[in-house]
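Single-structure report; data block below.
The values are calculated or read from the model by the stated rules, or taken from the named source; none is laboratory data. Keep in mind that what you see is a predicted model, and the values were worked out from it rather than measured. Please note: Cβ atoms are built from the backbone with ideal geometry, for glycine as well, and neighbour counts cover all protein chains shown.
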Amino acid sequence: MLAEKDCADCHGDDGLGDYDRPPIAGMNPQKHLKELMDYKTGKRIDENDDMDVADLTMQDMVDLAAYYATLPPPAKKK
């Protein structure tokens, strides 16, 4: 699965991120897709230089955005 191969290393298996990566679980799929497309086109740059979307197809990005939208978002901080 693409999520396990391409996203989980940085955003975690649950998509909740870690100390230097934002969560993507529960993210709006349209927003997520736009961000992925921005990385792919170079409109947005990954500061850590390890975002690898070059080989993702449009369908891959749609599927990833849809998948992460189904995961529970991080708990809101009080």
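For the range 41-72, the tally of residues that are farther than 16 Å from residue 3 by Cα, surrounded by 12 or more Cβ atoms within 10 Å (Cβ to Cβ) and under 13 Å from the mean Cα position of the chain (by Cα) stands at 0. Taking into account only those residues within the range 1-25 that are closer than 11 Å to residue 68 by Cα and buried (at least 16 other Cβ atoms within 10 Å of the Cβ), which is modelled with the lowest pLDDT? Selected residue: 3.
For residue 52, indicate whether it is at pLDDT below 90 and not in a helix (DSSP H, G or I). Against the criterion (at pLDDT below 90 and not in a helix (DSSP H, G or I)), residue 52 qualifies. Taking the listed residues 33, 64, the one that is in a helix (DSSP H, G or I), touching a residue at least 12 places away in the same chain (Cβ under 8 Å) and in contact with an Asp or Glu (Cβ under 8 Å, 6 or more places away or on another chain) is 64, with no other qualifying. Pairing each residue of the range 8-22 that is part of a strand (DSSP E or B) and charged (D, E, K, R) with any residue that is at pLDDT below 85 and surrounded by 14 or more Cβ atoms within 10 Å (Cβ to Cβ), provided the two are 6+ apart or on different chains, yields C-beta distances under 7 Å for 21/10.
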